[in-house]
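Following: one structure in structure tokens, then a few remarks.
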Amino acid sequence: MTVPPPIVAPSILAADFARLADEVRAVEHAADWLHVDVMDNHFVPNLTIGLPVVQSLRAATELPFDVHLMIEDPRRWAPGYADAGAYNVTFHAEACDDPVALAKDLRSAGAKAGLAIDRDTPIEPYLELLPSFDTLLIMTIKAGFGGQRFIPQLLDKVRTARRHVDSGHLELRIEVDGGIAADTIEQAAAAGADAFVAGTAVYGADDPAEAVRRLRGLAERAAHGG
Ligand code: DX5
Ligand code: ZN
């Protein structure tokens, strides 16, 4: 099996919101995607940014946007992010009663469709939906806040998903989000993840671009068996 090069997606949740465009440009030539965490103070207790910020930021960078919606009622709001030019729009399984229908809407609006699975949600009921998706985001923390500690037990879901994706020959990125850093990314890659969100590990570093490159190197090596 050929392993596609890993995707590293810095999360701007850990960036300085007063200097967002500069913070994005700091990773422009190092990152693969820019991870944008949208939180609505209902699906998760935290509140972050929404569509106007994404629209403004879209004009400030060439990086593909990986929008992670931690919101209620994604059927109402998610297509707007596709219309705003997001490359991938991920919504939570827990927030949507017809994920396949929303995936179709997102794809017809020109975006990739992503399904996110929070810490306490089992993966098995969603495996059969994966052909409708381009991205499966498996939380490695409880969604809602940056800077939390990675939960290694959640990699069992990544292993299950990886077996399913490979045996079904699905074309799908398996993305992990939460606590991904130099000391955790290798185990996530070895478990079968091939897209990695990193907030604190990138924007907490002195050189965010260098941090992205280092993470990608670690993921690459681990994916090829160390
Ligand atoms: C949290 C967000 C994450 C967050 C990750 O719910 O989905 O994307 O930014 O932050 P770190 O990498 O600091 O755990
Ligand atoms: Zn996220």
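All of the numbers you see were taken from the coordinates with simple rules; none came from a lab. Computed from a predicted structure; not experimentally measured. Every residue, glycine as well, gets a Cβ built from its backbone with ideal geometry; the counts of neighbours run over all protein chains shown.
Candidate cross-link partners of Lys142 among the aspartates and glutamates, defined by an alpha-carbon separation under 17 Å and a same-chain spacing of 8 or more, comprise Asp37, Asp40, Glu72, Glu94, Asp118, Asp120, Asp156, Glu175, Asp177.
For region 61-78, backbone phi angles converted through the Karplus equation (6.51, -1.76, 1.60; θ = phi - 60°) give residue-by-residue couplings of 8, 8, 4, x, 8, 10, 8, 10, 8, 9, 9, 7, 6, x, 4, 6, 9, 4 Hz, Gly and Pro being listed as x. Less than 5 angstrom separates the built amide H of His92 from those of Ile71, Ala116, all sequence-distant by 5 or more or on a different chain.
Taken about its Cα centre, the chain carries a charge dipole of roughly 260 debye when the Cβ of each Lys and Arg holds +1 and the Cβ of each Asp and Glu holds -1. Taking Gly192, Gly147, Gly168 in turn, the Gaussian network model of the chain (Cα-Cα springs below 10 Å) assigns the largest fluctuation to Gly168. Counting other Cβ atoms within 10 Å as a rough exposure proxy, the listed residues Val197, Val100 run Val100, Val197 from fewest neighbours to most. Given axes a ≥ b ≥ c from the Cα gyration tensor, I'd like to know whether the chain is rounded (a/c under 1.5), prolate (a/b larger than b/c) or oblate. Since a/c stays below 1.5, the shape of the chain is classed as rounded. The shape of region 1-109 comes out oblate: with a ≥ b ≥ c from the C-alpha gyration tensor, a/c is at least 1.5 while a/b does not beat b/c. In the chain, excluding the sites themselves, the longest stretch lacking any of the GluC sites (Glu not before Pro) that are in a DSSP loop with at most 13 other Cβ atoms within 10 Å is 63-170.
For the chain, the share of DSSP beta bridges that are antiparallel, to the nearest 5, is 5%. Across every direction, the projection of the convex hull enclosing the Cα atoms of region 46-138 has a mean area of 5.9 nm².
What FRET efficiency comes out for the pair Arg213/Asp22, r = Cβ-Cβ distance, R0 = 30 Å, nearest 0.05? Present the calculation step by step, with values, prior to reporting the outcome.
Working: r = 19 Å, r/R0 = 0.63.
It comes out at approximately 0.95.
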